[in-house]
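First the structure, in the form of C-alpha cells, and then the observations on it.
The values are calculated or read from the model by the stated rules, or taken from the named source; none is laboratory data. Please read all numbers here as calculations on a predicted model, not as lab measurements. Cβ atoms come from the backbone with ideal geometry, glycine included; neighbour counts cover every protein chain shown.
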Amino acid sequence: MTKDYSQLWESLGINLEKHDGLLTVLSDAYKNIYLSQENRPQGMKYFDFVISEVHGLRIEELYEAKKNKRKVIGTFCVYVPEELILAVDGIFVGLCAGAEIGFEEAEKYVPRNTCALIKAFMGFKLAGLCPYVEMTDLIVGETTCDGKKKAYEIFNDITKKMYVMEIPNMKNESDRILWLNEVEKFKIKLENLTGKKITLDNLKKAVNIVNEKRKALKRLSKLRAYDPVPISGLDALLVNQISFYDDPIRFTQKVNELCDELEERVKRGEGVFPKGKTRILIAGSPFAIPNWKLHAIIENSGAVVEESCVGSRNYRELTDEQFSTVEEGIQKIASRYLTIDCACFTPNSERIDNIKKLKKELNANGVIHYSLQFCTPYMMEAFKIEKLIDFPYMRIETDYSMEDFGQLKTRIEAFLETLQ
Ligand code: BJ8
C-alpha cells in the first residue's frame with residue numbers, strides 16, 4: 001500500500017487487527033500465485049497496483065466521491081444494470097467475496113451448507129473486514145437463486161441497506177414485462193436516492209461507458225484465442241475481477257493498453273506458455289476475488305485457462321446505443337440484461353450453445369465445469385450439459401477452502417493427460 005489507511009478503516013468500523021491479518025494472507029497468496037508467473041505483460045502492473053490498493057486507494061477514492069455527494073451502490077450480480085447507476089453519477093462496486101473469511105460468524109445466520117459465495121459476503125461484513133460494504137449507500141440484491149434471496153433478507157437486517165430486484169425465472173413475454181418494470185422501478189429508486197434525474201444525455205453517456213468497458217473485455221478475450229496465448233488465464237481472470245471495482249473509464253483505458261501490448265506479442269508469436277499447450281475452458285459459478293484456486297491448479301499443471309463466469313457472461317452482449325428517449329433507453333437496457341444466461345433461468349439452453357461457441361472461439365480442448373458446492377442451479381446444469389456435448393468434459397464441485405487442493409490437482413492432471 002502506498003500509505004497507512006488505518007484511520008480511514010477505523011472510521012468505517014473495520015476490525016483493524018483482523019484486517020491486518022487478512023491483508024497479509026492476501027498479499028502472500030498474491031505473491032505466490034500471481035507474481036511468481038513468468039513473462040507477464042507489462043500492462044499487468046496497473047492491475048497489480050489496483051490489487052495492492054484494493055482496500056486502500058480505491059476506498060479513499062470512494063470516500064472522496066461521497067464527500068462530493070456521490071452515492072456508492074453495491075451489487076452481487078451481473079443482472080444489476082450498471083448503466084443506471086452511472087447515469088445518476090453513482091459508483092458501482094461488486095460486493096461478492098471469494099475467500100473463506102468470517103464463515104463462523106456467517107453460520108450463525110445461514111446454514112452451514114450454504115454456498116461459499118453467500119457465506120463469504122456475509123462473513124466479510126460480520127467480521128468487520130469489508131470497507132466496500134461500509135462505503136455503500138445502497139446494496140442491490142436480486143432474486144436469482146434461493147440462497148441469495150433468503151440471505152438478502154438477513155443481510156438487510158444486518159445492514160439496513162438492501163434493495164432487491166426481482167429477476168424472473170423464465171424469459172417469456174410476461175417475464176420480460178416484469179423485468180422491464182423492475183428496471184423502471186430501479187431507475188426511480190436511484191433517482192430518489194441521489195436526487196438526480198436520469199436524462200437522455202446522461203443515460204446515453206452511461207450506456208456508452210459500460211459498452212466501452214465490455215468491448216475492451218471482449219477484445220481481451222479474443223486475444224486469448226491465439227497460440228501461444230499472450231496472457232495467462234490467471235491474469236485475464238484478475239482483469240475481469242477488477243472490472244467490478246475500478247473506475248470504469250480508467251479501467252477501460254488500462255484494458256485497452258494491455259490489449260495493445262498483447263497484440264504486439266501475438267505479432268511476435270510471443271506467449272506466456274509454449275505453443276500447443278492444452279487449453280481448458282472453465283464454465284460455471286462466478287470466481288469472486290480472491291478465488292484463484294482452480295485457475296492456479298490448471299495453469300500450474302501446464303494448461304492455458306479460459307473461463308466464462310466472471311467473464312463472458314458479463315461482457316458478451318452490448319446495449320444498443322440507438323435510442324432517442326429515456327424510456328426507449330430503459331427498454332434497450334432491460335432487454336440486454338435478459339440475454340444473460342445464468343443457470344437460475346429455466347429453460348437455459350442458450351448457456352449450452354454459448355459454452356460450445358466459446359470453446360470453439362477460444363480453441364479450447366476441453367471444458368471443466370465448476371460449481372460452488374451447494375450451488376444447486378450450476379450443479380444441476382453441469383449434468384445436463386454433460387449429456388448434450390461431444391467434447392472432453394469434467395465436472396468439479398468445490399468451495400473456497402484449500403482442503404481439496406491436492407485431490408483437485410490429481411483429478412485435473414488426469415483429465416489434462418487424456419487431452420494430450
Ligand atoms: S448471473 S451466477 S452473479 S446469480 S449465490 S447462484 S454461486 S448458490 S452467484 Fe450469480 Fe448473477 Fe447468476 Fe452470475 Fe450459486 Fe451461490 Fe446462488 Fe451464486
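Listed by position, the helices (runs of 4 or more DSSP H) contained in the stretch 41-147 that have at least 3 residues being within 12 Å of the ligand (Cβ to nearest atom) are 116-126. Here residue 401 fulfils each of the conditions (1) within 21 Å of the chain's Cα centre (by Cα); (2) more than 14 Å from the ligand (Cβ to nearest atom); (3) touching a residue at least 60 places away in the same chain (Cβ under 8 Å); (4) surrounded by 14 or more Cβ atoms within 10 Å (Cβ to Cβ) apart from (4).
When the stretch 1-15 is filtered for residues that are surrounded by 12 or more Cβ atoms within 10 Å (Cβ to Cβ) and not polar (S, T, N, Q), the ones remaining, listed by number, are 1, 5, 8, 9, 10, 12, 14.
The single condition from (1) within 15 Å of the ligand (Cβ to nearest atom); (2) of a type in the set (S, T, N, Q); (3) in a helix (DSSP H, G or I) that residue 174 fails is (1). Scanning the stretch 322-337 for residues that are assigned to a helix (DSSP H, G or I) and of a type outside the set (A, V, I, L, M), we see that the one that is nearest to residue 173 (Cα to Cα) is 335.
The number of residues in the stretch 370-395 being within 20 Å of the chain's Cα centre (by Cα) and not in a helix (DSSP H, G or I) comes to 6.
Selection over the stretch 340-369 of residues that are assigned to a loop (DSSP other than H, G, I, E, B) and within 16 Å of the ligand (Cβ to nearest atom) gives a count of 9.
Could you list, in sequence order, all residues of the stretch 163-173 that are of a type outside the set (Phe, Trp, Tyr) and either under 25 Å from residue 190 (Cβ atoms) or in contact (Cβ under 8 Å) with a residue 24 or more places away in the chain (or both)? Correct list: 164, 165, 166, 167, 168, 169, 170, 171. Considered as a group, the residues in the stretch 42-101 that are small (Gly, Ala, Ser), touching a residue at least 60 places away in the same chain (Cβ under 8 Å) and more than 18 Å from residue 202 (Cα to Cα) include one that is surrounded by the most Cβ atoms within 10 Å (Cβ to Cβ), and that residue is 97. The residue of the stretch 264-299 that is nearest to residue 237 (Cα to Cα), among those that are out of contact with any Pro (no Cβ under 6 Å at 6 or more places or on another chain), in contact (Cβ under 8 Å) with a residue 40 or more places away in the chain and in a helix (DSSP H, G or I), is 295. So in the stretch 229-252, with the set limited to residues that are in contact with a strand residue (DSSP E or B) (Cβ under 7 Å, 6 or more places away or on another chain) and farther than 17 Å from residue 36 by Cβ, which one is surrounded by the most Cβ atoms within 10 Å (Cβ to Cβ)? Applying the filter and picking the extreme gives 229. Of the residues 255, 305, the single one that is at negative phi, buried (at least 23 other Cβ atoms within 10 Å of the Cβ), at pLDDT below 95 and more than 15 Å from the chain's Cα centre (by Cα) is 305.
Among the residues making up the stretch 148-171, those that are away from the ligand (no atom under 13 Å from the Cβ), of a type in the set (A, V, I, L, M) and either closer than 23 Å to residue 85 by Cα or assigned to a loop (DSSP other than H, G, I, E, B) (or both) are 162, 170.
Taking (1) assigned to a helix (DSSP H, G or I); (2) touching a Pro at 6+ places or on another chain (Cβ under 9 Å) in turn, residue 185 satisfies each apart from (2).
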